[in-house]
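Accompanying notes for the structure given below.
Read-outs: derived from the displayed coordinates by stated rules, not from any lab. The model shown is predicted, which means the values in this text are computed figures rather than measured ones. Please note: Cβ atoms are built from the backbone with ideal geometry, for glycine as well, and neighbour counts cover all protein chains shown.
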Amino acid sequence: MTETRHSDALVVGAGIAGLMAALKLVPAKVTVLAKTRLGKGAATDWAQGGIAAAIGKDDSPGLHAIDTQRAGAGINDATIVEILTRDAPARIEELLALGAAFDRTDAGELALGREAAHQRRRIVKAGGDATGHEILKTLIEAVRAHPSIEIVENVTADDAILESGRVCGVRAHDNADGRAIDFLAGAVVFATGGIGRLYRYTTNPVQATGDGIAMAARAGAVLADMEFVQFHPTALSIGRDPMPLVTEAVRGEGAILVNDLGERFMLAAHPDAELAPRDVVARAIFEQQQRGRSVGLDARAAIGERFPHEFPTVFRFCMEAGIDPRLENIPVSPAAHYHMGGIAVDEWGRTSLPGLWACGETSATGVHGANRLASNSLLEALVYGLRVAKDIQSFAIAAPGGSVAFAGEPASSQAQAGESQATADLRNVMYANVGLVRHEQGLREALRRIAELEAEFPRAANELRNLLVVGKLITEAALARRESRGSHYRTDYPQPDEALAKRSFTRLRSVA
Ligand code: SIN
């Protein structure tokens, strides 16, 4: 007999978006599902850069909105951009009130950092380059202080549960013993994070397997902007998987990119050189690599002796690998970092399925367009964690009473032999064919390989099963967009096409 647990609201995911939603849902009885121990496994914990907010004297939400839309290459949802940039300062105030220790100047003001494609200093940060960790710690303390929030750790959600077409929970399994548990609730929020694990090179934790997107897709939800995957230009290239990040703020402070011939190639690639939009910098590095060159980030002149103090996390990663950034170049390479696409939601985080809301990276609000502006992701998670909670509170939420059904065949709780090799194959295929540079032949090859793996592993366990769904949706969307825009670059359609300057929406084809 499967154990069943009930709450008013169920939040799947325990990163910044999920915890913010949970916090704002009280006094409702809230259950939060964490795939690992709380505080581990969420990309939030690894976020270095910070939170963008127009709080500087020379700044305004309007300027922040302009930068967000420029980076997004013309297809951002302007209403959502306005909400995001308008609400940013209030969300920072709220974190401060909860006790977040953001970096300050000697005069006691918030110390604002600079990142690529921002025309002002507006990055609020903590511990130099440990912003996500500080925010997560703050939210965990706040959530733990609320008796009406229950955190269930080390459980993985497998599928949505539906009652008369309404999402009313998830079937999950306990990671330790595989035992199935049904979590039922009057409102369900997916805040499961990103999809980086789909790619051979990524800055995301191994838990970023697109669970929310895959579960929502199997339940019939509308997905949006799936083709847009952001590659961070500077992941630390020292053979680790996932790859540690070298925050963009290092370039914001003046570090330059050079190839192994000592050439500063970004000067020729874009007028803003190293501070060009992320997709431009990432592709320029990739192009160097395709020509057989390796790339390093030279922070010696710009940062030098200040490095350990200003970027302690990056400094530690470098020193662990025997690289001293005060004295030598940091080896870098692009890596999958953030998915602009996801479960389509409206301005309150409502999905197309009654009973289901989504926030954070797993959702697609449309705010990022074709390419996210640096440090807008933690911000979106805060803004939408709150909006989702407010929207849910406006409904009378009642736990389900009747008979329920599962979306999709149950996942196998144990990976079969061969699944880890299949996952490695899929990750290689995605990086090679659905990565920074795409074309029709490569995209078709990826779809062929995905179909083969689906046939070979019809009852794969959670990780491979979800990665195959998300990989297929991203590849199909990339094939359908016959132009280049933001993070989506096709050599067979290298220019943007104004007739295609709009968001994309899709559903999983196998859903009836
Ligand atoms: C970084 O620190 O470069 C990452 C920030 C972000 O992804 O917005």
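Of note:
- Among 81, 4, 33 - extreme Cα towards positive end, dipole of region 1-82, charges at beta-carbon: 4
- Reduced Cα scattering model of region 1-149, Debye log10 I(q)/I(0), q = 0.08, 0.12, 0.14 Å⁻¹: -0.27, -0.58, -0.76
- Taking other C-beta atoms within 10 angstrom as a stand-in for reagent exposure, 388, 280, 11 fall in the order 280, 388, 11, fewest first.
- In the chain, helical runs assigned H by DSSP with n ≥ 4 each contribute -39500 (n - 2.57); averaged across all residues and rounded to the nearest 500, the mean residue ellipticity at 222 nm is -10000 deg cm²/dmol.
- Sorting 4, 362, 203 from the fewest to the most surrounding beta carbons within 10 angstrom yields 4, 203, 362.
- Kirkwood-based shape ratio for the chain, expressed as Rg/Rh from alpha carbons: 0.95
- Whole-number percent relative contact order across region 56-167, with pairs defined as alpha carbons under 8 Å at least 6 apart: 20 percent
- D (Stokes-Einstein, µm²/s), Kirkwood Cα radius, region 256-378, 1.306 mPa s at 10 °C: 94 µm²/s
- Virtual paramagnetic centre 7 Å along Cα→Cβ of residue 270, amide N under 19 Å, in region 209-253: 228-236, 245-253
- Radius ratio Rg over Rh of region 134-276, counting only Cα atoms, Kirkwood formula for Rh: 1.09
- Sum of side-chain charges, residue 367 neighbourhood, beta-carbon under 9 Å (Lys, Arg +1; Asp, Glu -1): -1
- Distance between the pseudo-spin-label points of residue 148 and residue 97 (7 Å out from Cα toward the beta carbon): 1.7 nm.
- The lysines whose alpha-carbon is closer than 21 Å to the alpha-carbon of residue 29, local same-chain residues fewer than 8 away aside, are 390.
- For the chain, the longest principal axis of the Cα atoms and the long axis of helix 462-480 meet at an angle of about 60 degrees.
- The chain - share of DSSP beta bridges that are antiparallel (%, nearest 5): 60 percent
- Residue exposure sequence - 190, 102, 311, 395 - by fewest surrounding Cβ within 10 Å: 395, 102, 311, 190
- Reach of residue 40 by Cα under 18 Å, taken over aspartates and glutamates that are not fewer than 8 positions away in the same chain: 129, 134, 141, 150, 153, 174, 211, 241, 361, 463
- A simple count of charges around residue 212, restricted to other residues whose Cβ falls under 13 Å of its Cβ and scoring Lys, Arg +1 and Asp, Glu -1, yields -2.
- With Cα atoms, 0 to 90° folded angle of helix 61-71 axis to the chain main axis: 90 degrees
- 3J(HN,Hα) from dihedral phi, region 418-433, Karplus parametrisation 6.51/-1.76/1.60, rounded to Hz, x for glycine, proline: x, 5, 6, 5, 5, 5, 4, 4, 4, 5, 5, 4, 5, 5, 6, 10
- Two-site FRET efficiency, residue 140 against residue 206, from Cβ-Cβ distance with R₀ of 22 Å, rounded to 0.05: 0.60
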